[in-house]
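**Student:** The following block contains the structure, expressed as structure tokens.
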Amino acid sequence: MAKTRKQETLSVVLAALFTALIAVLAQIPPTTHEFPITLQTFAIALCGYTLSVKYSLFSIVSYILLGAVGAPVFSGFCGGLHHITGPAGGFILAFPVFVFLCAFSQRFKSDWLKIALSLGGMALMYVVGVLYFSFITKNPLWTAVIMYSPVFLKDVISSVLALYLSKIIRKRISKVK
């Protein structure tokens, strides 16, 4: 189905807004430790649940590229390639998988299936992130798993809340189209 120019423009603008939202929520709450606990995952899930696969990926890749070239979009108002190669870099590199599965889940009616796909993407993100953290920091794997376990629970709750908020946003966006 061909999109009109207005729909295409709206999609690009929304993708840019979600890139900005991810950058803003990466700062909340302020963090100073090696594994930031922020609302970034909530923003990524919301982006995926709200936008199409194409525009969700556009948004998250834009976010990663902005951070890689030094824009202060990563947690703690940081930027630079060294954050991607640093301890939390595995999570950043796995964001596209997570957002893809959240966006792909929109093809299904069942909220349970949407949540399952989101949690699958999140699980993959955590596997990559924890393995990467363990490798970079030379910490035993179990240490990384223990460190990130509480954050995972927060992200599961965030992802479910993002699904329900996205329904409100999508309904309002459909009125604009």
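The values are calculated or read from the model by the stated rules, or taken from the named source; none is laboratory data. Remember, predicted model here, so these are calculated numbers, not experimental data. Positions of Cβ are backbone-derived with ideal geometry, glycine not excepted, and every protein chain shown enters the neighbour counts. Protein only, heavy atoms only, side chains kept; ligands, DNA and RNA dropped before computing areas. Shrake-Rupley method; radii C 1.70, N 1.55, O 1.52, S 1.80 Å.
**Student:** Just to check your reading of the model, which residue among Ala94, Ala144, Ala123 is assigned to a helix (DSSP H, G or I) and in contact with a Ser or Thr (Cβ under 8 Å, 6 or more places away or on another chain)?
**Tutor:** Selected residue: Ala144, the only one of Ala94, Ala144, Ala123 that is assigned to a helix (DSSP H, G or I) and in contact with a Ser or Thr (Cβ under 8 Å, 6 or more places away or on another chain).
Every residue, every condition in (1) modelled with pLDDT under 95; (2) surrounded by fewer than 22 Cβ atoms within 10 Å (Cβ to Cβ), yes or no:
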{"position": "Ser11", "(1), (2)": "yes, yes"}
{"position": "Ala16", "(1), (2)": "no, yes"}
{"position": "Val24", "(1), (2)": "no, yes"}
{"position": "Ile28", "(1), (2)": "yes, yes"}
{"position": "His33", "(1), (2)": "yes, yes"}
{"position": "Ile37", "(1), (2)": "yes, yes"}
{"position": "Ala43", "(1), (2)": "no, no"}
{"position": "Leu51", "(1), (2)": "no, no"}
{"position": "Ser59", "(1), (2)": "no, no"}
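**Student:** Any chance region 69-91 includes a residue that's within 10 Å of the chain's Cα centre (by Cα) and either assigned to a helix (DSSP H, G or I) or closer than 19 Å to Leu161 by Cβ (or both)?
**Tutor:** Scanning region 69-91 turns up at least one residue that is within 10 Å of the chain's Cα centre (by Cα) and either assigned to a helix (DSSP H, G or I) or closer than 19 Å to Leu161 by Cβ (or both).
**Student:** Which one of these does Ala144 not meet: (1) surrounded by fewer than 23 Cβ atoms within 10 Å (Cβ to Cβ); (2) more than 16 Å from Ala43 (Cβ to Cβ); (3) free of Cβ contacts under 8 Å to residues at least 24 places away in the same chain?
**Tutor:** (1)
**Student:** What's the total number of residues in region 68-117 that are open to solvent by less than 70 Å² (accessible area, probe 1.4 Å) and either touching a Leu at 6+ places or on another chain (Cβ under 8 Å) or small (Gly, Ala, Ser) (or both)?
**Tutor:** The total comes to 29.
**Student:** Residue check, Ser159 against (1) small (Gly, Ala, Ser); (2) touching a helix residue (DSSP H, G or I) at 6+ places or on another chain (Cβ under 8 Å); (3) open to solvent by 60 Å² or more (accessible area, probe 1.4 Å), all met but one. Which one?
**Tutor:** (3)
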